[in-house]
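Right, one structure below, let's go through it.
The values are calculated or read from the model by the stated rules, or taken from the named source; none is laboratory data. Everything numeric in this text was worked out from a predicted model, so none of it was measured. Don't worry about glycine lacking a Cβ; one is built from the backbone with ideal geometry, like all the others, and counts go over all protein chains shown. These area figures cover heavy atoms from the full protein model, side chains too; ligands, DNA and RNA do not enter into them. Shrake-Rupley method; radii C 1.70, N 1.55, O 1.52, S 1.80 Å.
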Amino acid sequence: MDIKDIIKPENKVYGKTPLLTDAVMHYCPGCTHGVVHKIIAEVIEEMGIQDKTIGISPVGCAVLAYNYIDIDWEQSAHGRAPALATATKRLNPEKYVFTYQGDGDLASIGCGEVMHACNRGENIVIIFINNAIYGMTGGQMAPTTLLGQVTATTPYGRRADLNGYPMKITEIVAQLEGTCYVTRQSAQNPAAVRKAKKAIRKAFENSMMNKGTSFVEIVSTCNSGWKLTPVKANKWMEENMFPFYQLGDIKDR
Amino acid sequence: MAVKGAIVVDIEKCKGCSVCIANCPTNTIALSNEVNGKGFNFAIMANPDNCTGCTNCATVCPDAVITVYRVKI
Amino acid sequence: MAEKILMKGNEAIAYGAIRCGCDGYFGYPITPQSEVMETLMVEKPWETTGMVVLQAESETSSINMLYGGACTGKKVMTSSSSPGISLMCEGLTYLAGAELPCLVVNVMRGGPGLGTIQPSQSDYFQCVKGGGHGDYHMIILAPASAQDMYDFVDEAFNLAFKYRNPAMILSDGVIGQMMEKVEMRPMKPRRTTEELLAECGSWALTGKTPDRKRNLITSLALEPHIMEAHNQKLQAKYREIEANEVRYSTYKAEDAEHLIVAYGSVYRICESVVDMAREKGIKVGILRPITLYPYPEKELDALVPQMKSILTVEMSAGQMVEDVRRIANGRVPVNFYGRFGGSIPSPEEILEALENYIK
């Protein structure tokens, strides 16, 4: 069978959702951000909630997320996205409101905002991209950087006595009464992507059910920061990140 | 019933990250020898006969540049 | 007869908010302004007007909640006092950069640092000249009575939405804590969804529908030429505000030979100073800036030629006086009398300072 006969509109089984804009993403080749943007866009499309969704972009690599998903966006100061989301949702309870934050934004400078938004049980979705490093500023240590991991500010590897310990913020958030769904996912292979997408969809659905905050961590790669190829970065993540940041649902009620 | 697939890559948007290649179960995809306007080697169907249209490549593609087609034969 | 109720200035802020159609208040307790949120919590406006009231975990969070609310075109406000405003400065510059309307009430107390809970006007530089980074201005109203506190809430929201710019009521612990009769104005309902869309639909985040492009609220522009153009747009807006929105009043300035410039609670004290001075035959008047930004530049400038001297009185070590000196521009001596760190000047000591300067 000729390829021309296969490539016909009626045979299309998968393609870019129209909820993703045509802008070329500024992310490095192989960056997990792109995959997560895509599955968020697909969830919004499949739920038919483009006109009801407000996204909040962070400071960090994903600051420009608003260029890629075709919804209304607000861009937050560093770490403050959960505070923005709190007011956006409380004043517009008919809207689906989500924040999209990296580990520097959420787990470091914005630690206070995320804790209290989760503790109040705001009916929002928090997407947490954890790649254990600061990507945008050039690969410095994050709160989630693993012990021994080399970064621009831990050039000899992270040491507990100098730098403290990697922070499992997702487990902390799970202990707060206000959260209803806390899960840790990844997006390095098709099965993981499908699971992560299901988790994000559930989180969005929760936000209309008055159940509290849904928190979805995606363990991610930063191949530029880690100084690995995208494929090797995925492998490094599986071997080094997953044993410490174990995947799966931490809380679901 | 057998299936046969094909992919179309948005060449100018592909960054050649190769995550699709690593996740292709049928060894269909490879990087091109030539480069696109941004200087990236891009994903191509190196072995088109192998493609089953499983969508794995497009599912993991961070830049959403792969469209997948499938027919039953 | 309109209803008049005896209340604190801080309580007047709360009633002014509920009754002018405010959509949301987000705040964090700090003396001397905590009565604002306390009053709102007692009144429970979410059960009547639908106004949201939330105690945030910090001032940092409060101001960012304003950002999140203002993005959707809602009328949102917070209140705080000096150390809290310092924490909000990050959010304020983002709000100004993103051109978001909102209201911040600052009931000033003495600083620097944790300072004192007593009244002060030592945040003039911080609030009028900036506070956060970048070239921006807030519209600043300075109340001198509990009635002003009530009325300026609506006024500040109107200005904030007219210019898509943060507005501030710059008050102080005297005005916040003192009780006066306040006339309750007719109730204004909160805007309906349709009214909000008509007023803010071109920019507010109301959900992307097929008939329009997605709306984006950001203060980010990585390309310098875009950021410069955005700054030029902001500056043009500020010139428009300066041309159209100056508010001021005078007290016995028509025949005055000496001018006092004072705002807020100090203005009230200076009214007594003028009356005492005139009994002694000294012709003194007052210019009271009601808007500190935009400043009544032309109005002060026009009064300078008839004066032999100007005395600026502030509860600070001398902040607004820099603007008065700039406008007087060497034509007459501009003197200064200030008490600070939480102390309030008495009419007698101000009069004594005035007499010493002009003898």
Original post:
Of the heavy-atom accessible surface of the range C:64-203 (probe 1.4 angstrom), what whole percent is carbon and sulfur?
Top reply: 56
Original post:
Unpartnered cysteines of chain B (Cβ-Cβ under 4.7 Å counts as a partner)?
Top reply: B:Cys14, B:Cys17, B:Cys24, B:Cys51, B:Cys54, B:Cys61
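Which pairs in the list A:Lys16/A:Lys89; A:Lys52/B:Lys38; A:Lys16/B:Lys72 are over 24 Å apart, alpha-carbon to alpha-carbon?
A:Lys16/A:Lys89; A:Lys52/B:Lys38
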Subject >> A:Met209-C:Ala198 FRET efficiency (beta carbon distance; Förster radius 30 Å; 0.05 resolution) >> reply: 0.40
Subject >> At least 50 Å² accessible surface lost relative to isolated chain, residues of the range C:68-100 (1.4 Å probe) >> reply: C:Tyr94
Subject >> Amide H contacts under 5 Å for B:Phe42, placed H, 5+ residues apart >> reply: B:Ser32, B:Asn36
Original post:
Under a straight-distance cross-link criterion of Cα-Cα below 24 Å, which lysines are reachable from A:Lys235, leaving out those fewer than 8 residues away in the same chain?
Top reply: A:Lys38, A:Lys168, A:Lys195, A:Lys197, A:Lys198, A:Lys227, B:Lys15
Subject >> Mean ellipticity per residue at 222 nm, deg cm²/dmol - from DSSP H runs of n ≥ 4 across chain C, formula -39500 (n - 2.57) >> reply: -13000 deg cm²/dmol
**OP:** Keeping to pairs on different chains or 8 or more places apart, tell me how many lysine pairs in the range C:4-193 have Cα atoms under 30 Å apart.
**Re:** 29
Original post:
Using a Gaussian network for chain C with springs between C-alpha atoms less than 10 Å apart, which of these wobbles most: C:Thr209, C:Thr78, C:Thr193?
Top reply: C:Thr209
Original post:
Quick one: which bits of the range A:48-83 get at least 40 Å² less accessible when the partner protein chains are in, versus the chain alone, with a 1.4 Å probe?
Top reply: A:Asp51, A:Tyr66, A:Asp70, A:Asp72, A:Trp73, A:Glu74, A:Gln75, A:Ala77, A:Arg80, A:Ala83
**OP:** Treating only the Cβ atoms of Lys and Arg (+1) and Asp and Glu (-1) as charged, compute the dipole magnitude of the protein assembly as shown about its Cα centre; round to the nearest 20 debye.
**Re:** 1820
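In whole percent, what relative contact order does chain C give with Cα contacts below 8 Å and a gap of six or more residues?
Rounded, it is 18 percent for chain C.
Counting only C-alpha contacts under 8 Å and six or more residues apart, can you give the relative contact order of chain A as a whole percent?
18
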**OP:** Out of all DSSP beta bridges with both ends in the range C:250-358, state the antiparallel percent to the nearest 5.
**Re:** 15
Original post:
How high is the relative contact order of chain B, given as a whole-number percent (alpha carbon pairs under 8 Å, six or more residues apart)?
Top reply: 46
Subject >> Helical contribution to [θ] at 222 nm, DSSP H n ≥ 4, -39,500 (n - 2.57), averaged over chain A, rounded to 500 >> reply: -8500 deg cm²/dmol
Subject >> Accessible surface buried once A binds B (1.4 Å probe; total of both sides; Å²) >> reply: 2600
Subject >> Furthest towards positive pole of dipole, A:Gly104, A:Ile7, C:Thr78, structure part the protein assembly as shown, Cβ charges >> reply: A:Ile7
Original post:
Antiparallel DSSP bridges in the protein assembly as shown: what percent, to the nearest 5?
Top reply: 35
Subject >> 20 Å Cα-Cα reach of A:Lys232 towards aspartates and glutamates, excluding residues that sit fewer than 8 places from it in its own chain >> reply: B:Asp63
**OP:** Please name which of A:Ala81, A:Thr21, A:Thr53 has its Cα lying farthest along the dipole of the range A:1-150 towards the positive end, using unit charges on Cβ (Lys, Arg +1; Asp, Glu -1) and the Cα centre as origin.
**Re:** A:Ala81
Subject >> Difference of contour (0.36 nm per residue) and Cα-Cα distance, A:Thr21 to A:Met1 >> reply: 3.9 nm
Original post:
Per residue, what accessible area does the range B:3-72 have, given a 1.4 Å probe and all protein chains present, in Å²?
Top reply: 40
Original post:
Given +1 on the Cβ of Lys and Arg, -1 on the Cβ of Asp and Glu, and no further charges, what dipole in debye does chain A carry about its Cα centre, rounded to the nearest 20?
Top reply: 380
Original post:
If you put +1 on each Lys and Arg Cβ and -1 on each Asp and Glu Cβ, how big is the dipole of chain C around its Cα centre, in Debye rounded to 20?
Top reply: 540
**OP:** Would you please give the FRET efficiency between C:Lys237 and C:Val42, computed as 1/(1 + (r/R0)^6) with r the Cβ-Cβ distance and R0 = 30 Å, to the nearest 0.05?
**Re:** 0.20
Original post:
Which residue fluctuates the most in chain C, going by a Gaussian network model with Cα springs under 10 Å, if the choices are C:Glu348, C:Glu194, C:Glu99?
Top reply: C:Glu194
**OP:** Please work out the FRET efficiency for the pair C:Asn158 and C:Met187, using the Cβ-Cβ distance as r and a Förster radius of 22 Å; give the result to the nearest 0.05.
**Re:** 0.85
**OP:** Mind grabbing the accessible area of B:Ser32 for me, 1.4 Å probe, Å², rounded to tens?
**Re:** 10
Original post:
With each pseudo-label sitting 7 Å past Cα toward Cβ, what's the C:Leu6-A:Lys235 distance in nm, one decimal?
Top reply: 8.2
